[in-house]
Amino acid sequence: MSTAIVADRLCKHYRLYRQPVDALKELLLRRQRHERLRVLRDVSFSLDAGDTLGVIGENGAGKSTLLKLLAGTLHPSSGDLRVSGRVSAILELGSGFHPEFNGIENIRLGCALLGLSAQETEAALPGIIAFSELDDAVYRPVKTYSSGMYVRLAFSLVTAVDPDVLVIDEALSVGDIYFQKKSLDRIREFIDQGKSVVFCSHNLYQVKTLCRRCLWLDHGELRMIGDASEVVDSYMDAMRERAKAAEAEDVAVVAHAAGASFLHIEFADAGKSDYACGEPLALRIAIDPGRIEARELHVGVVIMRNDNIHVYGVSTLIDDQALTAGEDGHIHLVYELPELSLLSGLYSFYIYLLDDSGVHVMDKQENVLPFRVRHSGDEVGVARLVHRWRVSERVSEIP
Amino acid sequence: MTLLHTLFLLVRRDLKVRIAGSYLGVLWYIAQPLFLILLYGFVFGAVLGVRFHRDQPSELFVLYLMAGMLPYIGLQESVLRASNALVDNRSLLSSSPLPIWLYPLVPVLSSAVTEFFALLILLVVAWWLLGSLSVWIMLIPLLLLARVLMSAGLAWSFAVLTPFLRDISQILTMLLTLLLFATPIFYPADMVPESWRWIFGFNPLYYLVSAYRGAILEGVFPAVALCVSLALGLVVSIVGFLLFRRLSLAVRDVL
């Protein structure tokens, strides 16, 4: 299979000058007068022809710069970039439009700016107008368009060019839902036709479903590249980690003279911290009740995702499960999830030792036993809920 | 080919944009320079009584003035507008893979179009006042070429320098006014004291204006003036283009 894109140690830095004239002085006097802003550092990857690559990363990670390099509107500062075939890029939609002119005139000029010849433009014109669904509005000046119409025209224009490589930056976050779907379908069409697509979006779900592979940029460096769902999941884990609020409310421990405490807490499957959705997961908890009766103690277990979402919390008090001491005087408790229904993410346990009222905390182990869950499939959210679908002939049949 | 087509579309758009929505439309392109010429003609010809030849009637003075003003206005307009070409098209530069040297060329070419029509009016007026036209008016395409070459060279230079130093657009306005008065446009060259006339030798527009007047009004083949104008035009445009090329990568960092 041939390669569409080969990037080898791609670097891009912008020169920052205190004032623009410094740039001129630097050229003439050959003395450095700028600070470097490194936007991309040693990014290497390749993309097979017909493959789809998602580009994700936080704001300012260098995504747009990378796409502009691919589109050819910027040149790398160092490193090597080869893109084979005609590239069409959706970077800034409609930036070449002039408000005073009507749709048709703007399409003609837009096509020329994209590198189409006069004949190619005329051939593409009917398709562009049809796809934009502007009908008679194409004869009105663009300044009279709503922003949705504007975007429709721009998107139709850019995708009407028959590219080998399509570069898309965030373009789909605009327009109404109907047109978003339509443009997404158009992109899918490109993929089905075996074109290479590079797709950058903050909508990770779209990246996951549209792209086979994914590239994660972190402060200008390539953090990870590989299978799209794997990269997206890791990225989301990292984002949640960062978004984690300063700290969850601090649960005060009542220092009890009687000193009931956890002895140890561990996964039943010792050392295992990676789980697939649907797998069983069990915790073993050992407690020294101290001088308190075992049945006056309760254990609460909370599962938190790393962005501080309480996924599920329950306790022996809620479930009316009495605790008893074992032969060695300790309590040995197993918390079991026969079918882990969590979706991909990083999770950890918050475990509390409570008194018989459930109000006082005798001991706590917070943010312990971190574990990772991966699920296959495109479901989104926190947990897999038991559900079913039904299709009925009549409305009345649906309960 | 595609590049030429694109350039054509950009020029056409440029011409249409400036008159979009106005009542007189295309007429403004002719009305603006004519107004200036009549104004200067009144001040210099009627009030101050300047003449290019002894006993020249004032209508003919206006004709001479017009032949000098038209290339100047074309040059002034292209250079002034081109100096902002990169700044104004910033968003296009980052979204289209077109070579950026096209953008300064757009105002130059649109000024050539408007100048061409203004020259047609000059021809009509000259034919009406002089009774006949010389055969050398067939040199007009060459005259226009020399004018466009000079303007293009200056347009590229100022277009690429202005983003680095925004003050240039202010300085440019003054320089162009200076050029207007430093060229024998309102007055004949021999009105200037002999000790100062050497200055004209360094003024490309001097040769150009002489060539315009020679071919259109005096019925002579302005061999020297035309050749010098074309040669200077070529040099200016090549130097301008090379300067533009040299700075075009760096200019993206300051846009």
*Restricting attention to region A:344-368, report how many residues are more than 24 Å from A:Glu296 (Cα to Cα) and in contact with a Lys or Arg (Cβ under 6 Å, 6 or more places away or on another chain).*
4
_Here is a check on your reading of the model: is B:Gly41 modelled with pLDDT of 85 or more, of a type in the set (Gly, Ala, Ser) and surrounded by 14 or more Cβ atoms within 10 Å (Cβ to Cβ)?_
yes
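For every residue, the table says whether it meets (1) surrounded by fewer than 21 Cβ atoms within 10 Å (Cβ to Cβ); (2) assigned to a helix (DSSP H, G or I); (3) not hydroxyl-bearing (Ser, Thr, Tyr).
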site: A:Tyr178; (1), (2), (3): yes, yes, no
site: A:Gln206; (1), (2), (3): yes, yes, yes
site: A:Trp216; (1), (2), (3): no, no, yes
site: A:Gly226; (1), (2), (3): yes, no, yes
site: A:Val231; (1), (2), (3): no, yes, yes
site: A:Asp237; (1), (2), (3): yes, yes, yes
site: A:Arg240; (1), (2), (3): yes, yes, yes
_Residue count for region B:13-60, restricted to those that are within 14 Å of chain A (Cβ to nearest Cβ), in contact with an Asp or Glu (Cβ under 9 Å, 6 or more places away or on another chain) and assigned to a helix (DSSP H, G or I)_ = 3
*For region B:193-200, state whether one or more residues are part of a helix (DSSP H, G or I), of a type in the set (S, T, N, Q) and touching a residue at least 40 places away in the same chain (Cβ under 8 Å).*
no
_Out of everything in region B:182-222 that is at pLDDT 90 or above and small (Gly, Ala, Ser), what residue ends up being surrounded by the fewest Cβ atoms within 10 Å (Cβ to Cβ)?_
B:Ala182
*Identify, please: which residue in region A:318-351 is in contact with a helix residue (DSSP H, G or I) (Cβ under 7 Å, 6 or more places away or on another chain) and without any contact (Cβ under 8 Å) to a residue 40 or more places away in the chain and is, among those, nearest to A:Leu263 (Cα to Cα)?*
A:Ala325
_Taking the condition of being assigned to a loop (DSSP other than H, G, I, E, B) and under 24 Å from A:Arg372 (Cβ atoms), how many residues in region A:273-297 meet it?_
5
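Rundown of residues vs (1) β-branched (Val, Ile, Thr); (2) under 26 Å from A:Ala228 (Cα atoms), yes/no style:
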site	(1), (2)
A:Glu100	no, no
A:Pro126	no, no
A:Ile129	yes, no
A:Tyr139	no, no
A:Val161	yes, no
A:Ser183	no, yes
A:Arg188	no, yes
A:Gln193	no, yes
*Do any residues in region B:1-30 that are closer than 20 Å to B:Leu98 by Cα have Cβ atoms under 8 Å from those of residues that are surrounded by fewer than 14 Cβ atoms within 10 Å (Cβ to Cβ), where the two are at least six apart or on different chains, and which pairs are they?*
B:Leu3/B:Pro99
*Go through the residues of region A:376-393 one by one and say whether even a single one is over 30 Å from A:Lys208 (Cβ atoms), more than 24 Å from the chain's Cα centre (by Cα) and not small (Gly, Ala, Ser).*
yes
_Can you find, within region A:28-65, the residue that is farthest from the chain's Cα centre (by Cα) among those that are within 14 Å of chain B (Cβ to nearest Cβ) and surrounded by 14 or more Cβ atoms within 10 Å (Cβ to Cβ)?_
A:Arg33
*Assuming A:Tyr14 fulfils every condition listed in (1) loosely packed, with under 15 Cβ neighbours inside 10 Å; (2) within 12 Å of chain B (Cβ to nearest Cβ); (3) outside any loop (DSSP other than H, G, I, E, B) apart from one, which condition is it?*
(1)
*asked:* Quick test for you: out of B:Leu230, B:Leu249, B:Leu234, B:Leu243, pick the one residue that is surrounded by fewer than 21 Cβ atoms within 10 Å (Cβ to Cβ), in a helix (DSSP H, G or I) and without any contact (Cβ under 8 Å) to a residue 60 or more places away in the chain.
replied: B:Leu249
*Search region A:98-149 for residues being in contact with a Pro (Cβ under 7 Å, 6 or more places away or on another chain) and of a type outside the set (A, V, I, L, M), and hand back the single one that is nearest to A:Asp162 (Cα to Cα).*
A:Gly115
*Before we move on, is A:Ser357 closer than 19 Å to A:Asp319 by Cα and exposed (fewer than 15 other Cβ atoms within 10 Å of the Cβ)?*
yes
*Report whether or not B:Leu217 is away from chain A (no Cβ under 14 Å), under 22 Å from B:Ser78 (Cβ atoms), within 20 Å of the chain's Cα centre (by Cα) and in contact (Cβ under 8 Å) with a residue 40 or more places away in the chain.*
no
*asked:* Step by step: first the residues of region A:143-159, then only those that are over 10 Å from A:Gly103 (Cβ atoms) and either outside the structural domain of A:Leu114 (by TED's automatic domain parsing) or among the hydrophobic types (A, V, I, L, M, F, W, C) (or both), then the one that is surrounded by the fewest Cβ atoms within 10 Å (Cβ to Cβ). Which residue is that?
replied: A:Val151
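The values are calculated or read from the model by the stated rules, or taken from the named source; none is laboratory data. Source: prediction; values computed, not measured. Neighbour counts are summed over all protein chains in view; Cβ atoms, including those assigned to glycine, are modelled from backbone coordinates with ideal geometry.
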